[in-house]
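Novice: Before I ask anything, let me first share the structure, which is written out below as structure tokens.
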Amino acid sequence: MFFHLSLSDIADILLVAFIFYQVYKLVKGTVAINIFAGIFTFYVAWLLVKALNMELMSDILGQFIGMGVIALLIVFQQEVRRFLLLIGSKYNLQNIFNFERLFSKPSIKDEVAEAIVRACDYFAKTKTGALIVLSQNSELFNYAQTGVLLRSIVTEELLENIFFKNSPLHDGAVIIADNKILAARCILPVSDNNNIPGSLGLRHRAAIGMSAATDAHIVVVSEETGNITFVKDGHFKVRITPQELNSFLHNDFTGFVVNK
Ligand SMILES: Nc1ncnc2c1ncn2[C@@H]1O[C@H](COP(=O)(O)OP(=O)(O)OP(=O)(O)O)[C@@H](O)[C@H]1O
């Protein structure tokens with residue numbers, strides 16, 4: 001079968017691929033990826049029934065897709081707004097062609113892990129509350145935007161300065177992405193899980209909520225007890241040692257006992 005591929009067809013395909021990539025990058029590692037996958041499956045099914053000339057089925061699916069777009073816009077109006085804002089932001093334009101990130105596995109640099117471990121050890125000894133989010137595949141830019149964007153290198157001194165009680169940035173969470181401190185004073189989603197022990201307050205609930213909503217790993221240091229807690233996938237391990245923290249930061253989860 002011969003088909004003609006014009007320049008505008010190529011531009012069309014590239015544009016669609018580009019938009020899909022941007023949407024995928026935005027939702028990768030968050031719960032929204034499931035919604036994205038669901039919509040995509042629905043759309044493919046619609047194309048299939050249309051190609052097979054199944055008129056009734058394609059009509060029903062077509063109606064659903066037409067209404068679905070409006071429903072999605074209403075349900076996700078905040079996210080859509082942020083997404084549109086994001087497109088024009090300087091940050092995103094700098095990273096828009098970063099295809100490398102899509103295929104590379106996130107890894108933490110030794111010096112970054114070391115700075116985090118030393119700072120957390122200091123927080124534990126001085127009973128300084130801290131909340132540090134480590135991005136994995138998701139950029140977490142939406143969450144970073146709730147705080148103060150820093151984009152600075154990770155040092156023990158800077159982390160200690162941020163969480164110092166009188167610092168204007170000490171409230172909320174620090175987000176570390178791509179081995180940089182992306183933002184401080186960020187607001188995280190608080191978990192409403194009833195099984196979380198009452199001894200764990202809002203800081204820990206925010207860490208657990210964040211780990212359930214995204215693929216991020218979170219380190220919490222309690223102001224009350226000085227305990228270091230590591231959180232991932234909605235699970236947490238309380239009272240970890242600096243050595244354990246170092247292993248977990250390097251994605252070695254031997255000994256990560258699951259608590260819910
Ligand atoms: N949604 C949130 N996002 C980010 N940070 C939060 C959030 N909720 C609370 N925090 C941080 O947690 C602090 C309050 O911690 P709280 O004492 O309630 O928690 P905790 O888990 O008992 O911790 P600690 O053991 O340190 O007392 C706030 O000052 C703020 O810095």
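The values are calculated or read from the model by the stated rules, or taken from the named source; none is laboratory data. Bear in mind the structure is a predicted one, so any value in this text is a computation, not a measurement. Here the Cβ positions follow ideal geometry from the backbone for every residue, glycine too, while neighbour counts run over all protein chains shown. To get the accessible areas, we keep the full protein, side chains included, count just its heavy atoms, and leave off ligands, DNA and RNA. Shrake-Rupley method; radii C 1.70, N 1.55, O 1.52, S 1.80 Å.
Novice: Can you pull out every residue in the range 81-118 that is open to solvent by 50 Å² or more (accessible area, probe 1.4 Å) and at pLDDT 65 or above?
Specialist: Within the range 81-118, 81, 84, 107, 109, 110, 111, 114, 118 meet the criteria.
Novice: Select from the range 211-227 the residues that are of a type in the set (A, V, I, L, M) and either free of Cβ contacts under 8 Å to residues at least 40 places away in the same chain or more than 8 Å from the ligand (Cβ to nearest atom) (or both) and list them in ascending order.
Specialist: Matches in the range 211-227: 212, 213, 216, 218, 219.
Novice: Here's something else I'd like to know. Could you list, in sequence order, all residues of the range 215-227 that are assigned to a strand (DSSP E or B) and open to solvent by 10 Å² or more (accessible area, probe 1.4 Å)?
Specialist: 217
Novice: For the range 175-190, enumerate the residues that are near the ligand (Cβ under 10 Å from one of its atoms) and either among the aromatic types (Phe, Trp, Tyr) or out of contact with any helix residue (DSSP H, G or I) (no Cβ under 6 Å at 6 or more places or on another chain) (or both).
Specialist: Once the filter is applied, which keeps residues that are near the ligand (Cβ under 10 Å from one of its atoms) and either among the aromatic types (Phe, Trp, Tyr) or out of contact with any helix residue (DSSP H, G or I) (no Cβ under 6 Å at 6 or more places or on another chain) (or both), the range 175-190 yields 185, 187.
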